[in-house]
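One structure is given below, encoded as structure tokens.
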Amino acid sequence: MMSDTSAISTSPAGGPADAPPGEPPKRIGLVVHPSRSVDQPLRLVREWSEEHSVELFQVPAAYSQRRVAEQDELGQSDLIVSIGGDGTTLAALRSAAVAKRPVLGIACGSLGALATVAVPDVTRSLERFSRGEWQPRRFPALSVTPGEGDPLFALNDVAVIRAGGGQVRVSARVDGSLYARTAGDGALVSTAIGSSGYAISAGGPLLAGGLNAFVLTPLPKHGGFSPPLVIGPNSTLELEVGAGFGGARLEVDGQVAGERVRLLTICLREGVATMVSFPDQETLLAGLRRRRIVLDSPRVAVDDARGAAGCP
């Protein structure tokens, strides 16, 4: 196992590199799931690497990993390959953003919004990357400045959550204008890609892929009316937090980043991380429907079944 929780508080050095002309990578860095069986996709990556004289190493991430290769610094790799699910790919993207490297996400056990390369397509995907037949899929990040402490960034979301008994009071201001004051479980701020996870489970809106915005979703609260708020890319969100006797914690991309939080200043930063994508991959919305996260109305499903049966 290895992890690097310090990556949570590391800011990306700059925008990711553009898609290169077709040439094989010289070094590939791996980020793997800690418990899922990664043997088959790992074997395919190793076989391809050996055939093309590509060095293979495992790189650190803010994520526990199963040890599968010799460790090396992330910046020495030309391509980062994640093997696992969306959580593994997100950890790889966080690390790769700092080193400005693209990430190829291999789905091991499930096909998600980020890990989009199925195991049977591993060799073909590596070949396509080597020939330059890929498209950079850019992801923005939330730039988070705590009242105290180091700057943070989040590719998925930032959450202020009550850590015990008592309610968390959150005052939210957009460009200095008060939006709402809530008392409850806390608040969640998500990017467009992050809106398909924690945010929709908390009742927030789903932001379509490519939408240049972020969203504030109040977590379950005690009364009042403050619906989720979609915020433009040039605006700044301020969260002033007052914790109950149980305290409040800060989570960044699902990792605990602080046990005490009082003030957060959040804005959107474009083009922080890069995924390797291909023109024939499914869209985010298609993936949400396939995974049955987005479901049709039962009445529509009944109409489809009636039509399939030849009933008017």
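Scanning segment 230-248 for residues that are touching a residue at least 60 places away in the same chain (Cβ under 8 Å), outside any loop (DSSP other than H, G, I, E, B) and either acidic (Asp, Glu) or closer than 17 Å to Thr217 by Cβ (or both) yields a total of 6. Filtering segment 148-180 to residues that are in a strand (DSSP E or B) and either out of contact with any strand residue (DSSP E or B) (no Cβ under 7 Å at 6 or more places or on another chain) or free of Cβ contacts under 8 Å to residues at least 40 places away in the same chain (or both) leaves Ser177, Leu178. Take the conditions (1) in a helix (DSSP H, G or I); (2) over 19 Å from Gln58 (Cβ atoms); (3) of a type outside the set (Asp, Glu); Ala96 misses just one of them, which is (2).
Any residue that is surrounded by fewer than 20 Cβ atoms within 10 Å (Cβ to Cβ), more than 17 Å from Ala172 (Cβ to Cβ) and in contact with an Asp or Glu (Cβ under 8 Å, 6 or more places away or on another chain) - is there at least one of those in segment 207-222? Yes, segment 207-222 has at least one match.
Among the residues of segment 184-206, just one is touching a helix residue (DSSP H, G or I) at 6+ places or on another chain (Cβ under 6 Å) and surrounded by fewer than 21 Cβ atoms within 10 Å (Cβ to Cβ), namely Leu206. Scanning segment 120-155 for residues that are over 17 Å from Val215 (Cβ atoms), in contact with a helix residue (DSSP H, G or I) (Cβ under 7 Å, 6 or more places away or on another chain) and buried (at least 17 other Cβ atoms within 10 Å of the Cβ) returns Val122, Leu126, Trp134, Leu152. Here Gly84 clears all of (1) over 28 Å from Leu250 (Cβ atoms); (2) in contact with a Cys (Cβ under 6 Å, 6 or more places away or on another chain) except the condition numbered (1). For the condition surrounded by 23 or more Cβ atoms within 10 Å (Cβ to Cβ), at negative phi and either out of contact with any Leu (no Cβ under 7 Å at 6 or more places or on another chain) or not assigned by TED's automatic domain parsing to the domain that holds Arg27 (or both), Val158 qualifies. The residue that is farthest from Val81 (Cα to Cα), among those in segment 249-278 that are hydrophobic (A, V, I, L, M, F, W, C) and assigned to a loop (DSSP other than H, G, I, E, B), is Val261.
The values are calculated or read from the model by the stated rules, or taken from the named source; none is laboratory data. Keep in mind that this is a model prediction, so the values were computed, not measured. When we count neighbours, we look across all protein chains shown, and the Cβ atoms used for this are built from the backbone with ideal geometry, even at glycine.
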